[in-house]
Amino acid sequence: MDLELEALTKNYGAVQALRTIDLSIGAGEFFTLLGPSGCGKTTLLRLLAGLELPDSGTIQMLGQDITHLPANQRSFNTVFQSYALFPHMNVLENVAYGLFSRGYGKTDAYNRSRDALELVRLTGFENRLPHQMSGGQRQRVALARALVNEPQVLLLDEPMSALDAKLRMEVQVELRQLQQRLKTTFIMVTHDQQEALTVSDRIAVMNKGVIAQCGPVREVFDRPATKFVADFLGTENFIEAERCGERSVRTALGVWELREEVPWEKGSLTIRPEKIQLSEADVPGGWHASVQTALYKGGYQVLLLDNGLRVETDALHNWKTGDEVHAVCSPDALVVLHDD
């Protein structure tokens, strides 16, 4: 592995920002720290960058302990939320600034900077000032300025939070494509679930200074471990259940045989809204419900049923408020939640 974090802790007075963080991040991986404000994700990024020191624990890079190594001696570069471009410098000068400070000559620095601008598709923008560019273009300048130093790890602190929704989606795709071309390790902090799912190989969902769940994107999305993770990733459907067998549960909607063992006597299940199917006819193993609210979302509908479940389905049927439906789901789609 590229980066190994062992038992990292960080306190600010009486506030425990990080509590015993253990994490491995592979070389060439796009890894995202995801969570709500105050969960500790930005603190963890600052420890990686060398901008702050942990109270205990270690950070190792390729087997070398870099826990107390100054920021300017780490092969890391950071892209900040605010871009932090110099307003009086043009694009080429902004990108080359770090190279000049490291002793590069003008010709070499500008040639390397032009290569970096080509990477982020900004060739031809060299002479523009930051205020003459869109938010997405300024963000790409900030990326080029970080990449021109050829870091082993690129740290991204909420890099797209200042962009509007459409532009954010475009930059997400560009960022993912860039990372795949460069095969550089990217570590990003965000509170945006869809952003994390779009760009990442793996995500760590954080809550109250700990990692609630870490794994490949699809695994965490489809099989959340706790109610917090499921709720933060937008599942919304929680079903109270009692165990009635090693893999069986009894709920208000019926008895189900699940794919995994049930670790509690009473607890919760979750199911994603898009994994519930609806029909007008009675379905074996299904349940009857009525539509309380129907919301049209373009290519799909969001339905709120009278049993409290939320369903997302394609818009072809055009369900309406008051419609009587029969709902069914595969037991494999039901996830057993553990304690937070």
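Since every read-out is calculated from the coordinates, none of them should be taken as a lab result. A quick note: this is a predicted structure, and the numbers were derived from the prediction, not measured. Virtual Cβ from ideal backbone geometry, glycine too; neighbours counted across all protein chains shown.
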- Query: Going toward the positive end of the dipole of the chain, with +1 on Lys and Arg Cβ and -1 on Asp and Glu Cβ, which of Pro159, Asn149, Pro54 do you reach last?
  - Reply: Asn149
- Query: Can you pull out the GluC sites (Glu not before Pro) in the range 152-251 that DSSP calls coil and that have at most 12 other Cβ atoms within 10 Å?
  - Reply: Glu246
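When only DSSP loop residues count, what GluC sites (Glu not before Pro) in the range 262-327 have their Cβ near at most 15 other Cβ atoms within 10 Å? Walk me through the numbers on the way to the answer.
Details: sites: Glu265, Glu274, Glu280, Glu312, Glu324; in loops: Glu265, Glu280.
For GluC sites (Glu not before Pro) across the range 262-327 that sit outside H, G, I, E and B with at most 15 neighbouring Cβ atoms in 10 Å, the list reads Glu265, Glu280.
If I take every Cα pair under 8 Å that is 6 or more residues apart in the range 207-340, average their sequence separation and divide by the length, what percent do I get for the relative contact order?
Values: 254 pairs, mean separation 36.1, N = 134.
RCO, the range 207-340: 27 percent.
Once the cut-off is 16 Å, how many percent of the Cα-Cα pairs in the range 228-336 end up in the long-distance tail?
59 percent
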- Under the 7 Å Cα-to-Cβ spin-label approximation, Asp108 and Ser134 lie apart by a distance in nanometres of 3.6 nm
- Where the centre of each part is set by its Cα atoms, how far does the range 269-311 sit from the range 21-46, in angstrom? 35 Å
- Relative contact order of the chain, defined on C-alpha pairs under 8 angstrom at six or more residues apart (%): 16 percent
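Fewest Cβ neighbours within 10 Å first, please rank Thr185, Thr42 accordingly. The partial results should precede the final answer.
Values: Thr185 22, Thr42 19.
Taking fewest neighbouring Cβ atoms as first place, the list is Thr42, Thr185.
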- Message: Quick check: pseudo-label points 7 Å beyond the Cα along Cα→Cβ at Arg223 and Glu240, how many nm apart are they?
- Response: 2.8 nm
- Within the range 157-240, list the chymotrypsin sites (Phe, Trp or Tyr not before Pro) lying in a DSSP loop whose Cβ has at most 10 other Cβ atoms in a 10 Å radius. none
- Message: As I understand it, the value is the acute angle between the Cα axis of helix 135-147 and the longest principal axis of the Cα atoms of the chain; what does it come to in degrees, rounded to 10?
- Response: 60 degrees
- Item | Dipole magnitude (debye, nearest 20) for the chain, charges at Cβ of Lys, Arg, Asp, Glu | 1300 debye
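Percent of alpha carbon pairs in the chain separated by more than 31 Å?
Looking at the chain, the distances longer than 31 Å represent 46 percent of pairs.
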